[in-house]
Amino acid sequence: TKLIHGGLRYLEYYEFKLVAEALRERERLIHAAPHIIYPMRFALPHDGARPWWFLRAGLILYDLLGGKMSLPRSRGLRASDADLRAPLKSATRGFVYSDAWVDDSRLTLLNALDAAARGAEIATRTALLSARRAGNVWRATLSDGREVAARGLVNAAGPWVADTLGLLGVNAQSSVRLIKGSHIVVPKLFDGDHAYILQQPDGRIVFAIPYEGEFTEIGTTDVPVERPEDAVIDSDEIAYLCAAVNRHFTAQIGPGDVRSTWSGVRPLYDDGASEAKAVTRDYVLELDTHGPVLLSVFGGKITTARHLAEEAVVKIAAPLGFTAQRATRGRAFPGGDTGDFAAFLSGVRARWPFLGEARSERMARAYGTMLHQMLRGISDEAAMGTAFGAGLTEVEARWMHDREWAKTADDALMRRSKLALHLSTGERAAFESWWANAYPV
């Protein structure tokens, strides 16, 4: 759902340690990547699905577990509050609390950029075909034809963690459950930059979140699947998410309003819970030292990914004979050294006024201080090169290819950005043609 959050609903399952850790990480990440991670207020209308006192107590505990934090604390809402009055059907009271939103695909990219800057080789579109223990090293064969030797392997394959163990011929004590989560994107349902958390009759919650300025993101579902390849939204999920919103909002939507969808598979550590919604979001690190070291990661969530990686390095360090450094704690992500983001954005607009209000904010959000490198020497619109629509120009497209491993037009339009939502069919076709000519396969 693209949230950096403690996980308010995890309190129902007594996941206090996980929530506290996630809230600490939320605070770190907001400061480490303020261009792609930023605070958001969430309105929670009270509809009787859970007692009022229960929700209020949960929110107070949520605030307390967060400790000293920069985000506003929770409070009650009355029917006269605009957050309840405008888009909702009949809410008479509720709550508002704070969490954060993240551009998750760019967060993944920034991790890769940071690693590359520190000496890592990033091998996109490269599969592990096989690996075997040979003496004191692993010998791995990659899909690009190379064979590499390594003293240790980290199996952080997410939904494919079990498949990778099978490839390695290793048995593990832990396992994961694969839970599909799907989202829909519809035209904007409400004004403002806050989101809604909507309680459902089945005990689940669904988020409605501002998305890309013109849209609302709605999700998620919890559907057990057998394989990661099964992560495709189905008609039942679309109907469920539409009904979840229609139950609360004055504006009604149907499948015909859906402009985009996405589905992902959450590799949740299998703790034996009977329902998908109750499965823990915590993680387990399993170390195998029978020969060259293997560390496998089971579970986890995007909010705690940095901390998980830190703990993984600490765990694998000792058998490899080195001392781990907790180097990422307190360090900015690439482009994240903006200081106060509002002041940074004002500086961008002053230096490149031809970008305009909307485009300058989009690009400042996407690239942070890396924008200074992209636009170095550019003083007017003509220098930006071919314009493709929605503010996308040749300069930005070439940056995605040259600096961000974008290999296809879809990489640029759907993963490095979300500009596919804003381009017309003709504009998208023109961009795809330009890309094919600029970067022939």
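What residue, of 261, 303, 328, is in the same structural domain as residue 209 (by TED's automatic domain parsing) and hydroxyl-bearing (Ser, Thr, Tyr)?
None of the other options fit; the residue is 261.
Mind listing whichever residues of the stretch 283-332 are assigned to a loop (DSSP other than H, G, I, E, B) and in contact with a strand residue (DSSP E or B) (Cβ under 9 Å, 6 or more places away or on another chain)?
Answer for the stretch 283-332, where residues must be assigned to a loop (DSSP other than H, G, I, E, B) and in contact with a strand residue (DSSP E or B) (Cβ under 9 Å, 6 or more places away or on another chain): 290, 291, 292, 300, 301.
Kindly provide the set of residues from the stretch 132-185 that are more than 27 Å from the chain's Cα centre (by Cα), of a type in the set (Ser, Thr, Tyr) and part of a strand (DSSP E or B), ordered by number.
Initial filter on the stretch 132-185 (more than 27 Å from the chain's Cα centre (by Cα)): 132-152, 166-173.
Narrowing the set further to residues that are of a type in the set (Ser, Thr, Tyr) leaves 141, 143.
Across the stretch 132-185, the qualifying residue is only 141.
When the residues of the stretch 1-54 are narrowed to those that are in a loop (DSSP other than H, G, I, E, B) and either of a type in the set (A, V, I, L, M, F, W, C) or in contact with a Pro (Cβ under 9 Å, 6 or more places away or on another chain) (or both), which ends up surrounded by the fewest Cβ atoms within 10 Å (Cβ to Cβ)?
49
Can you report the number of residues in the stretch 212-232 which are surrounded by 15 or more Cβ atoms within 10 Å (Cβ to Cβ) and in contact (Cβ under 8 Å) with a residue 40 or more places away in the chain? Reasoning before the result, please.
Start the filter on the stretch 212-232 by keeping residues that are surrounded by 15 or more Cβ atoms within 10 Å (Cβ to Cβ), which leaves 212, 215-223, 225, 228, 230-231.
Next cut, in contact (Cβ under 8 Å) with a residue 40 or more places away in the chain only: 212, 215, 217, 219-223, 225, 228, 230-231.
Total meeting the criteria: 12.
Just to be sure I understand, how many residues within the stretch 344-394 are farther than 21 Å from residue 106 by Cα and in a loop (DSSP other than H, G, I, E, B)?
Result for the stretch 344-394: 8.
Mind checking which residues of the stretch 395-426 are assigned to a loop (DSSP other than H, G, I, E, B) and touching a residue at least 12 places away in the same chain (Cβ under 8 Å)?
Let us first name the residues in the stretch 395-426 that are assigned to a loop (DSSP other than H, G, I, E, B), namely 404-408, 416-418, 422-424.
Within the stretch 395-426, 404, 405, 407, 408, 416, 417, 418, 422, 423, 424 qualify.
Name, by its number, the condition in (1) within 22 Å of residue 304 (Cβ to Cβ); (2) among the small types (Gly, Ala, Ser); (3) surrounded by 15 or more Cβ atoms within 10 Å (Cβ to Cβ) that does not hold for residue 115.
All conditions are met except number (3).
Residues to consider are 346, 360; find the one that is buried (at least 19 other Cβ atoms within 10 Å of the Cβ) and farther than 19 Å from residue 113 by Cβ. Lay out the reasoning, then the answer.
Numbers: 346 fails: buried (at least 19 other Cβ atoms within 10 Å of the Cβ).
Answer to the selection: 360.
Applying the selection to the stretch 201-221, what residues are part of a loop (DSSP other than H, G, I, E, B), of a type outside the set (Ser, Thr, Tyr) and at pLDDT 95 or above?
212, 213, 214
The values are calculated or read from the model by the stated rules, or taken from the named source; none is laboratory data. Computed from a predicted structure; not experimentally measured. Note that we place each Cβ from the backbone using ideal geometry, even for glycine, and neighbour counts take in every protein chain shown.
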